[in-house]
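Below is one structure, written out as structure tokens; comments come after it.
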Amino acid sequence: MYSDIIEIAKRRGFFWPSFSIYGGFSGFYDYGPLGTLLKDNIIKIWKESYLNDDTIFIDTPNLTPEPVFKASGHIARFADIAAECKKCNNKFKFETVLSYNNISKIPKNIDEAVELKNEFKLKCPVCNSIIDNVYNFNLMFKAENNNLYLRPETAQGIFVNFKLIYNYNRGKLPLIIGQAGKGFRNEIAPRQSLIRLKEFNQCEIEAFFDPDNLYFKELYDYKKIKLRPNTGEEYNITVKDAMEKGIIGSNAFAYFVLKTQYILEYMGMDNEKLRFRQHEPDERAHYAADSWDAEALIDNDWFEIVGIANRTDFDLKNHDENSNEPMKIKINDNEIIPYVIEPSYGIDRIILALLVQSYYERDNKFKVLKLNYNIAPYHIAVFPLMRKGELKEKALQLYNEIKKIDRYIYYDESGSIGKRYARQDEIGTPYCITVDYQTIEDNTVTVRYRDTMKQKRVKMDDILLKNNFENL
Ligand code: GAP
């Protein structure tokens, strides 16, 4: 449950609201010791998975000069419609006000939003007074006086470097470029901890294609997934089938949907609690011709965690027209501007979804995070049965030996063994190893499994022969 995760996250060191000693500022969260390990594991999985597709990674500045965002359309169009209540002094995303007032119509622009406000005399979700003001609100942070903006997406750092990297890649398409970094948005109403932050972590991929050849790789048959195209149907089919039935527009787009499904499941996302939903045409970002969101179920609500967009040649064309760099390239004597498919992963939301989905209570008492081994902050915890003498010595020796093979290991000697197991269950450690009196006699230890709570005696030497501990 979300509320349990928020409690564990703070108490056990996954994440907590930033700057709380100064009263807290909404929209900012710190990752603590365990959250930092978890986040790094998630980013590593993303990166290694894309290295498999020969992705080239870059790292570009957070602060970006105004001409870049003028060209990309963000200054003119990267805005949300905001609603303001002057009675209680709260600001909302307009869609929140619509949903509070049970209105399903989505306005296409600010004029339609004002019409809706006047027609329905919309009420404030907090104090129920009539909403005073509806207006366009640009989501970018501007550093005053020097015409710099904090980037709202890492993507533009890739687009402005396209030509340079295309040449580095010896003029070959498809070209896949990735960047992990921070994005910044002046969100009107930050909410639900990691869901809507003002500073957040993105892992973005921009895949550049010849527009006449949107083929990347053969799609493999993988598990069925919930797919909701904007035509109203809901399918439970494989991505490969969806492509063959024409539900997803191109092989390249389908490949990144499939890859996203695979990566999220590899991190431990429950396939049943994952779906892909296509945007309605008037819901898309200003740069997108088609968009599908990977949505994860958190408690009873679906949240976008990854956005996959067909950005066409929108960004490169705009930089071609506004910068000093021609973005056209030659393919078979034709000059073209490549098309872009962009899977954009929101790491904070993925973390929250994985934590909530992995949480359960054992015997209505013990909190457990059934984190996948691939992302767990620690793989193993080592305990001596007693915190002194030969048992402690042996446990420390084992801890140090295992550490040579895997550094994601924790040593704990305080409290009863039951309490130590419970502590590790709560932070998602898959295995605990206890050194006890029998260890002194025959060099075996007790391995205890988080998910079954079963225990097994294993020779210490057999443990140390392993290269990794995924199947201890
Ligand atoms: N470059 C495309 C892009 O930025 P997006 O759908 O706006 O697309 C991609 O963002 C992902 O970034 C989202 O799916 C979400 O997971 C994450 N994200 C966006 N805004 C966020 C925010 N304010 N707080 C936390 N995560 C956010």
Q: Starting from the residue with the highest accessible area, list Asp212, Asp462 in decreasing order, probe 1.4 Å.
A: Asp212, Asp462
**Q.** Theoretical gain in end-to-end length, Asp282 to Asp4 [0.36 nm per residue, Cα-Cα removed]
**A.** 96.5 nm
Q: Restrict the search to segment 1-82; then list the chymotrypsin sites (Phe, Trp or Tyr not before Pro) that DSSP places in a loop and that have at most 12 other Cβ atoms within 10 Å of their Cβ.
A: Phe19, Phe25
**Q.** Accessible-area composition of segment 39-142, carbon plus sulfur, in percent [1.4 Å probe]
**A.** 48
Q) Mind listing which trypsin sites (Lys or Arg not before Pro) in segment 287-379 are in a DSSP loop and have 11 or fewer other Cβ atoms within 10 Å? A) Lys365
**Q.** Whole-Hz couplings from phi, Karplus 6.51/-1.76/1.60, listed for segment 258-269; x for Gly and Pro
**A.** 4, 5, 5, 4, 5, 4, 5, 5, 4, 6, x, 5
Q) Hey, any idea what % of segment 329-370's accessible area is carbon plus sulfur with a 1.4 Å probe? A) 38
Q.
How much of the DSSP bridge set in the chain is antiparallel, in percent, rounded to the nearest 5?
A. 85
Q | Accessible area per residue, Å², the chain with all protein chains present, probe 1.4 Å | A | 48
Q. Taking one equal scatterer on every alpha-carbon of the chain, how large is log10 of I(q)/I(0) by Debye at q = 0.12, 0.13, 0.14 1/Å?
A. -1.14, -1.27, -1.38
Q. Quick one: with all protein chains in place, what share of the accessible area of segment 380-464 is carbon or sulfur, to the nearest percent (1.4 Å probe)?
A. 48
Q) Got a sec? Charge dipole of segment 217-326, +1 on Cβ for Lys and Arg, -1 for Asp and Glu; which of Gly232, Ile298, Ile263 is way out at the positive end? A) Ile263
Q) When the Karplus curve 6.51 cos²θ - 1.76 cosθ + 1.60 is applied with θ = phi - 60°, which whole-Hz ³J(HN,Hα) does each residue of segment 455-463 get, with x for Gly and Pro? A) 10, 9, 8, 9, 6, 4, 4, 5, 5
Q) Under a 5 Å amide H to amide H cut-off, with H placed in plane at 1.01 Å, what residues pair with Lys226 once short-range neighbours are removed? A) Phe276
Q: Find, among the trypsin sites (Lys or Arg not before Pro) in segment 399-432, those assigned to loop by DSSP (not H, G, I, E, B) with at most 14 other beta-carbon atoms within 10 angstrom.
A: Arg407
Q. FRET efficiency for Met453 and Arg170, Cβ-Cβ distance as r, R0 = 60 Å, nearest 0.05?
A. 0.60
(Q) Under the rule of at least 5 residues apart or a separate chain, name every residue whose amide H is placed under 5 Å from the amide H of Phe141. (A) Leu150, Asn186
Q | Whole-number percent relative contact order across the chain, with pairs defined as alpha carbons under 8 Å at least 6 apart | A | 13
(Q) List the residues, sorted by chain then number, that are 5 or more residues from Ala381 or on another chain and whose placed amide H is less than 5 Å from its amide H. (A) Tyr410, Tyr431, Cys432, Ile433
Q: Work out from phi, with θ = phi - 60° and the Karplus expression 6.51 cos²θ - 1.76 cosθ + 1.60, the ³J(HN,Hα) of each residue of segment 271-281, listed in order in whole Hz, and give x for Gly and Pro.
A: 4, 6, 10, 10, 8, 10, 10, 7, 5, 5, x
**Q.** Options Ala288, Pro67, Leu465, ranked by Cα towards positive dipole end of the chain, top entry (Cβ charges)
**A.** Leu465
Q. What Cys residues in the chain are without a partner cysteine, judged by a Cβ distance under 4.7 Å?
A. Cys203, Cys432
(Q) Sorted from largest to smallest, which semi-axis lengths in Å does the alpha carbon gyration tensor of segment 37-140 give for its equivalent ellipsoid, taking the root of 5 times each eigenvalue? (A) 38, 19, 14
Q: Report the FRET efficiency, 1/(1 + (r/R0)^6), for Arg362 and Leu464, where r is their Cβ-Cβ distance and R0 is 35 Å, rounded to 0.05.
A: 0.70
(Q) Let's test the formula: R0 of 22 Å, r as the Cβ-Cβ distance of Leu51 and Glu265. What FRET efficiency results, to the nearest 0.05? (A) 0.75
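The values are calculated or read from the model by the stated rules, or taken from the named source; none is laboratory data. If you're wondering where the values come from, they're calculated on a predicted model, not measured in any experiment. Cβ sites come from the backbone with ideal geometry, for glycine too, and all protein chains shown count toward neighbours. Side chains are part of the model used for accessible areas, which takes the heavy atoms of the whole protein and leaves out ligands, DNA and RNA. Shrake-Rupley method; radii C 1.70, N 1.55, O 1.52, S 1.80 Å.
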